[in-house]
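**Q** One structure coming up, written as structure tokens, with questions to follow.
The values are calculated or read from the model by the stated rules, or taken from the named source; none is laboratory data. If you're wondering where the values come from, they're calculated on a predicted model, not measured in any experiment. Positions of Cβ are generated from backbone atoms using ideal geometry, with glycine treated the same way; all protein chains shown enter the neighbour counts. All accessible areas refer to the heavy atoms of the entire protein, side chains included, with ligands and DNA or RNA removed. Shrake-Rupley method; radii C 1.70, N 1.55, O 1.52, S 1.80 Å.
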Amino acid sequence: MAAPWPEDPSLERHFKGHRDAVTCVDFSLNTKQLASGSMDSCLMVWHMKPQSRAYRFAGHKDAVTCVNFSPSGHLLASGSRDKTVRIWIPNVKGESTVFRAHTATVRSVHFCSDGQSFVTASDDKTVKVWSTHRQKFLFSLSQHINWVRCARFSPDGRLIVSASDDKTVKLWDKTSRECVHSYCEHGGFVTFVDFHPSGTCIAAASMDNTVKVWDVRTHRLLQHYQLHSAAVNALSFHPSGNYLLTASSDSTLKILDLMEGRLLYTLHGHQGPATTVAFSRTGEYFASGGSDEQVMVWKSNFDVVDYGEVLKVHRPPALLATSSGNLSDVDFPIPPGRGRSQESVQSQPQEPISMPQTLTSTLEHIVGQLDVLTQTVSILEQRLTLTEDKLKQCLENQQLIMQRTTS
């Protein structure tokens, strides 16, 4: 095995609480919370702070297939096989609004970077865009001819990319609502797709065991990885744009160096298919979920030098040929009888606070509180509607009784 540089990824802790396969994971903005969805119909919100109790949100009537925190971290969206989307306030009360988003399973939900809208994808072959406020339907994108498994906004919110069982990846212009390009090179169902942090390229995972990276400007295939021995179920870009994390049914996670077009690490932790992965917003941690009902949190370690560079200009991957090389293969068996491999989670390096940074934080907090307020109003509106419906029903019943007594 090659000498690790600067240090191998390490299993920080793992969470047990789901009663069926884990389908999705996502970190909040400040990395204090990690949300996961499962085939057990529940949503769990785990706290990265040790010894903190997790929240279990029950509301969906069937498997939870997708989860995504709003950019502010104050709202949490989930989609389900019950055809609905729920918007939660991720606190101990776990209040949510619910609406029927599609006519079939909702496979994907993703907030736009401005937090004002979100996109959903479904087995009904459509991609839909909604306003976050009151979950108003905005428009639908419907050129796929099979289930749509994933849809994502570009970092600037101008484009949408979708992946489907019709073996295509489609790029859409949000303003014109037209399909800009279809990428048809996959030999199997496309399970997952996402934008590079620079917004200049996309990566797609497929049932044909491959990962492909395309330039969204020239539509050229930049990189093609054939590293897994089974379907690739999910992927996640490191915020620096230098690395790509993949999860596969071969039970492994792989970390790819996009700058050099090679495999850096293969991680063995899950017993059975690894179904989902996500980097934290800083890239210091990443989470994975599997059909073994486990949610694992890993410390990246391999990109320590880049933590301070995350907000700088992103470099897109270089144009490279296919890759099947292996730099290092790291095994991480789950420690028997332990809830986590280390007792505490190290905090990320703090940047010196300047006046503009303080102002930005304050504004972000205000925006977050407005999100919560909007969501609370939506919940109250929903309850009021239910009360009105019940009152109407009572009055109708009363009228029927009166009619019967007079006749």
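**Q** What tally of residues in segment 99-114 results from selecting those that are at pLDDT below 95, over 19 Å from Lys61 (Cβ atoms) and open to solvent by less than 10 Å² (accessible area, probe 1.4 Å)?
**A** Selection size over segment 99-114: 0.
**Q** So which residues in segment 147-180 are within 20 Å of Val211 (Cα to Cα), at pLDDT 95 or above and open to solvent by 40 Å² or more (accessible area, probe 1.4 Å)?
**A** Across segment 147-180, the qualifying residues are Trp147, Arg149.
**Q** Can you say whether His74 is over 15 Å from Asp26 (Cα atoms) and assigned to a loop (DSSP other than H, G, I, E, B), as far as the supplied structure shows?
**A** Working: over 15 Å from Asp26 (Cα atoms): no; assigned to a loop (DSSP other than H, G, I, E, B): yes.
When the stated conditions are applied, His74 does not pass them.
**Q** How many residues does segment 196-225 hold that are hydrophobic (A, V, I, L, M, F, W, C), more than 17 Å from Ile255 (Cβ to Cβ), in contact (Cβ under 8 Å) with a residue 40 or more places away in the chain and assigned to a strand (DSSP E or B)?
**A** Going through segment 196-225 one residue at a time, the tally reaches 5.
**Q** While we're here: When segment 183-195 is examined, which residues are found to be open to solvent by 40 Å² or more (accessible area, probe 1.4 Å) and either over 14 Å from Cys150 (Cα atoms) or in a strand (DSSP E or B) (or both)?
**A** Within segment 183-195, Cys184, Glu185, Gly187 meet the criteria.
**Q** Quick one: Phe57 ticks every box in (1) outside any strand (DSSP E or B); (2) within 15 Å of Leu34 (Cβ to Cβ) except a single one, so which number is it?
**A** So the condition that Phe57 fails would be (1).
**Q** Now for a different question. Under 9 Å by Cβ, and 6 or more places apart or on different chains, what pairs join a residue from segment 247-259 that is assigned to a strand (DSSP E or B) with one that is β-branched (Val, Ile, Thr) and surrounded by fewer than 22 Cβ atoms within 10 Å (Cβ to Cβ)?
**A** From segment 247-259, the pairs are Thr252/Thr266; Leu253/Thr266; Lys254/Thr266; Ile255/Thr266.
**Q** What number of residues within segment 196-211 satisfy the criterion of being among the charged types (D, E, K, R) and open to solvent by less than 10 Å² (accessible area, probe 1.4 Å)?
**A** 0
**Q** While we're on this one: Looking at this structure, is Gly272 free of Cβ contacts under 8 Å to residues at least 24 places away in the same chain and on the phi > 0 side of the Ramachandran plot?
**A** yes
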